[in-house]
Amino acid sequence: MIEKRTAAVVLRARPYGESDKIVTLLTRDWGKVTGIAKGAKRSQRRFVNVLDSFTHVQLYFRPSRGDDLAFIFRCDLIRNFRAPGQDLRRYAFASYITELIDVMIAGREAGTEAYTLLLAGLTTLEEQSVLSTIFLPAFTLLLLSSTGYQPNVTECQHCGVFIGANKGASVFSPSRGGLLCPRCHDHGGMTIHLSDDTVQALTASRTTPPEDFLRIATSLRTARETRAVVTSLLSRHLTRPLKSQAFLEQLEAFSDSHVDGPQGE
Ligand SMILES: [Zn+2]
């Protein structure tokens, strides 16, 4: 098979043997690709500073057949995201979103949506001076949607009645993957109460471009409720906790205990 070219983001890379690396990337046109970069530890010409996580590259490769590794000829740098290397919190966020993409995207079947979302996430971490409180839950929500697990916030998941926004006292059922109307509150197992603002944010996520949705200003309550929704949905699809999750929680516990006043939230 002839050499292919596509834009891609490096998710992770590990040494292999004395001079090679095995690299996993999310590509624009070929879904998730894992390949071997021969001589990557030595070749300054073909792989100079391009195999670190979060790097945006132009990838030249030969796709794999079956379960084999792809063969990576060369990577050219498009953009080096620097923020994760300079700010521990942004590093934790970047690690989380790339690991989440890695576990949620299996292979070739991924469309360009997840690729666009990952780039929007890394660009926001790079350029947004103050991150929105909803950044991580918003990213997770958009990824769930792009992989077919989007929460249903328009119809009751028990009786099917239409649920408009601004109806008050919305109840979300993780096991049913969506809202329940007031009559059906008891039919969804464990549920999460959502404010109207949160329901509006969940609805807006369907029509807002990712780079805008990751930056929307929301109340802390909406950020927390959205996090509860996506965490409950994710736990149904992940077979093990993310490695970056523990790091993120430690970091958050640390900053909570070192900041006074409302800015700490
Ligand atoms: Zn109902």
Problem - Residues whose placed amide H lies under 5 Å from that of G39, excluding near-sequence neighbours - result: D20, K21
Exercise for the section: Convert 10 °C to kelvin, take the viscosity as 1.306 mPa s, use the Kirkwood radius over C-alpha pairs of the range 151-205 as Rh, and evaluate the Stokes-Einstein diffusion coefficient in µm²/s, rounded to a whole number. Expected result: 149 µm²/s
Practice task
Over the range 4-80, calculate the relative contact order: mean separation of alpha carbon pairs under 8 Å at least 6 apart, over the residue count, as a percent.
Solution key: 32 percent
Handout entry: Relative contact order of the range 151-205, defined on C-alpha pairs under 8 angstrom at six or more residues apart (%)
Key = 36 percent
Practice task
Could you please rank V161, V9, V130, placing first whichever residue has the fewest other Cβ atoms within 10 Å of its Cβ?
Solution key: V130, V161, V9
Practice task
Quote the relative contact order of the chain in percent (integer), defining contacts as alpha-carbon pairs under 8 Å separated by 6+ residues.
Solution key: 15 percent
Exercise for the section: Please report the base-10 log of the normalised intensity I(q)/I(0) for the range 1-81, using a Debye sum with one equal scatterer per alpha carbon and no solvent, at each q in 0.21, 0.23 (1/Å). Expected result: -0.87, -1.06
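Could you give the size of the charge dipole of the chain about its Cα centre, using +1 on the Cβ of each K and R and -1 on the Cβ of each D and E, expressed in debye and rounded to the nearest 20?
Using only the charged Cβ atoms, the result is roughly 1020 debye.
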Handout entry: Reachable lysines, given that their alpha-carbon falls under 18 Å from the alpha-carbon of K4 and they are not under 8 places away in the same chain
Key = K32, K38
Handout entry: Selection of trypsin sites (Lys or Arg not before Pro), the range 46-126, meeting DSSP coil and at most 16 other Cβ within 10 Å
Key = R65, R82, R108
Fill in the blank from the handout: Check: C-alpha center the range 1-67 vs C-alpha center the range 117-184, spacing in Å is 33 Å
Problem - Rounded D (µm²/s) - the chain, Kirkwood Rh over Cα pairs, Stokes-Einstein at 37 °C, 0.692 mPa s - result: 165 µm²/s
Exercise for the section: Can you put S43, S145 in order of Cβ neighbours within 10 angstrom, beginning with the fewest? Expected result: S43, S145
Completion exercise
Interchain or sequence-distant (5+) residues whose placed amide H lies within less than 5 Å of the amide H of S170 are L194
Completion exercise
Checking the range 54-124 for GluC sites (Glu not before Pro) in a loop per DSSP with at most 16 other beta-carbon atoms within 10 Å yields E109
Exercise for the section: Would you mind checking the range 218-250 for residues with the amide N under 14 Å from a putative spin-label position 7 Å along Cα→C-beta of R89? Expected result: 248-250
Handout entry: Under 5 Å, built H, 5+ apart or other chain: amide partners of A70
Key = T34, G35, I36, S64
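Read-outs throughout are calculated quantities, based only on the coordinates presented, and are distinct from any laboratory measurement. None of these values were measured; they are calculated from a predicted model. Please note: Cβ atoms are built from the backbone with ideal geometry, for glycine as well, and neighbour counts cover all protein chains shown.
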